[in-house]
């Protein structure tokens, strides 16, 4: 079993990980996207920054998953 931990808020780290995946010669059998964003405040109290944080995680997941699907 091989695992990788990537800071999905760090665009450079995420991009480097995607490049690493793109260079992989083997098939990746399973991909587990196990991260999320949770700020325990009411719906009306969330800020634009909170929303951006959720989008950043989803964007990173999207492109990592796209890279894995190409292998």
Scan of the stretch 29-70 for residues that are surrounded by 13 or more Cβ atoms within 10 Å (Cβ to Cβ) and over 21 Å from residue 10 (Cβ atoms), ordered by number: 46
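Of the residues that make up the stretch 33-48, is at least one in contact (Cβ under 8 Å) with a residue 24 or more places away in the chain and not in a loop (DSSP other than H, G, I, E, B)?
Filtering the stretch 33-48 down to residues in contact (Cβ under 8 Å) with a residue 24 or more places away in the chain leaves 33, 35.
Within this subset, residues satisfying the condition of being not in a loop (DSSP other than H, G, I, E, B) are none.
No, that holds for no residue.
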Filter result for residue 12 (surrounded by fewer than 10 Cβ atoms within 10 Å (Cβ to Cβ) and in a loop (DSSP other than H, G, I, E, B)): no
Pick from the stretch 14-45, criterion more than 27 Å from residue 2 (Cβ to Cβ) and out of contact with any helix residue (DSSP H, G or I) (no Cβ under 9 Å at 6 or more places or on another chain), ranking: modelled with the lowest pLDDT: 38
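Quick one: would you say residue 5 is exposed (fewer than 14 other Cβ atoms within 10 Å of the Cβ) and at pLDDT below 90?
Yes: the conditions hold for residue 5.
The values are calculated or read from the model by the stated rules, or taken from the named source; none is laboratory data. Since the model is a prediction, treat every value here as computed from it, not as a measurement. Methodologically, a virtual Cβ is constructed for each residue, glycine included, from the backbone with ideal geometry; neighbour enumeration extends over all protein chains shown.
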